[in-house]
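What follows is one structure encoded as structure tokens, with my remarks underneath.
The values are calculated or read from the model by the stated rules, or taken from the named source; none is laboratory data. Fair warning: this is a prediction, and the values are worked out from it, not measured in the lab. We place every Cβ from the backbone using ideal geometry, glycine too, and count neighbours over all the protein chains shown.
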């Protein structure tokens, strides 16, 4: 099974840049999108957004042109979930889950705190709310692949300019410590696995998934690794390959592609 995740920074923008011409060539089974910035009614009559052979669901934000998630799947899910149980985050369309038997594939979009203190406060509330949810999911007996823009670079090797970003959202000490807990061993840690790092524990530049639009960040590969597929430990042995696709640009993020023996 090939699962692709991408913060598309506007699904209409990504479509204009060739996302849906690229997708058929990837032999992908599931595509998880974040930051769709479109309500389903905005695109429902355009066949480009609903390609033949794909089962498509959107989880829109209430606010026009903001946040939102989507999942494209070759096989129809057994069930679809789209609420975390917190209005602040559900109203921003930050979670969508497809279930296949005992497997869950989630498209997740964590808040960014880079726009200022109010947004950082929202991000911190999400971290506080979501960690117990992760512990709950980890204990429920299902296998999970949580795809998404987590908006946190975990380690120094996960961004080019780590020294100068230690006071910036996305690399704040408490955010990184939160991921330490997510990936830490129980009982103190939540016991989840960073799928890319399980296969490429020391890779730096080629692991980046986001580049600022300012300056020459893309040209100079001044990037961040903030897009993850986070999995339950039962799937670690199912990992086969992981890569970041950079030959074409659909967004300021790049697709993260991971193959599983599922």
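Using the structure shown, decide if residue 63 is touching a residue at least 12 places away in the same chain (Cβ under 8 Å) and surrounded by 16 or more Cβ atoms within 10 Å (Cβ to Cβ). No, not satisfied.
Does the range 100-109 contain any residue that is surrounded by fewer than 13 Cβ atoms within 10 Å (Cβ to Cβ) and in contact with a strand residue (DSSP E or B) (Cβ under 8 Å, 6 or more places away or on another chain)? Yes, because at least one residue in the range 100-109 is surrounded by fewer than 13 Cβ atoms within 10 Å (Cβ to Cβ) and in contact with a strand residue (DSSP E or B) (Cβ under 8 Å, 6 or more places away or on another chain). Of all residue pairs spaced 6 or more apart or on separate chains, none has beta-carbon atoms under 6 Å together with a first member in the range 151-172 that is over 23 Å from residue 121 (Cα atoms) and a second member that is crowded, with 18+ Cβ neighbours inside 10 Å and modelled with pLDDT under 95.
Just one residue in the set 48, 124 is without any contact (Cβ under 8 Å) to a residue 60 or more places away in the chain, surrounded by fewer than 17 Cβ atoms within 10 Å (Cβ to Cβ) and over 17 Å from the mean Cα position of the chain (by Cα); that residue is 48.
Scoring residue 45 on the criteria (1) closer than 28 Å to residue 141 by Cβ; (2) in a loop (DSSP other than H, G, I, E, B) leaves a single failure, condition (1). Just one residue in the set 241, 177 is surrounded by fewer than 15 Cβ atoms within 10 Å (Cβ to Cβ) and part of a strand (DSSP E or B); that residue is 241. Residues of the range 1-36 that are outside any strand (DSSP E or B), within 15 Å of the chain's Cα centre (by Cα) and under 21 Å from residue 98 (Cα atoms): 8, 11, 35, 36.
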